[in-house]
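Peer 1: Questions regarding the structure given below will be posed in turn.
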Amino acid sequence: MQSHLAGLQLIDKIKQDVIKVILKPNSSKSRIVKFNSEREAYIIDIKAPAQDNKANIEIVKFLSRALKKDVKIIKGFKSREKLIKISPKE
């Protein structure tokens, strides 16, 4: 429960238009783990595997639901490190 609350607190802090995320695919559940200040990136566990674009689809759906905003990957389609654009829902 505590890690879930930490994830919610991190969601509230996401105010930028573009964020860097580092994915950890094949996790037991999808969740925001922490913010790595050294790499200036959010560490995010994703349940989906990193094959056939499944992890990319899952991160977009997960962040879109969590932030209640439109989310789009703009860099790092084949990497665990990605740049994600966040914009208001249309």
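Peer 1: Taking the stretch 14-38, which residues are without any contact (Cβ under 8 Å) to a residue 24 or more places away in the chain and more than 15 Å from PHE62 (Cα to Cα)?
Peer 2: Across the stretch 14-38, the qualifying residues are LYS15, ASN36, SER37, GLU38.
Peer 1: Has the stretch 45-55 got any residue that is crowded, with 18+ Cβ neighbours inside 10 Å, assigned to a helix (DSSP H, G or I) and modelled with pLDDT of 95 or more?
Peer 2: From the stretch 45-55, those crowded, with 18+ Cβ neighbours inside 10 Å are 45-46, 48, 55; that's our starting set.
Restricting the remaining residues to those that are assigned to a helix (DSSP H, G or I) gives 55.
Narrowing the set further to residues that are modelled with pLDDT of 95 or more leaves 55.
Among the residues of the stretch 45-55, at least one is crowded, with 18+ Cβ neighbours inside 10 Å, assigned to a helix (DSSP H, G or I) and modelled with pLDDT of 95 or more, which makes the answer yes.
Peer 1: Got a number for residues in the stretch 56-90 being small (Gly, Ala, Ser) and either crowded, with 18+ Cβ neighbours inside 10 Å or touching a residue at least 12 places away in the same chain (Cβ under 8 Å) (or both)?
Peer 2: 2
Peer 1: A further question on this structure: With respect to ALA66, determine if the residue is among the aliphatic types (A, V, I, L, M) and at pLDDT 90 or above. Working first, answer last.
Peer 2: Values: among the aliphatic types (A, V, I, L, M): yes; at pLDDT 90 or above: no.
The answer is no for ALA66.
The values are calculated or read from the model by the stated rules, or taken from the named source; none is laboratory data. All values derive from a computational prediction rather than experimental measurement. Please note: Cβ atoms are built from the backbone with ideal geometry, for glycine as well, and neighbour counts cover all protein chains shown.
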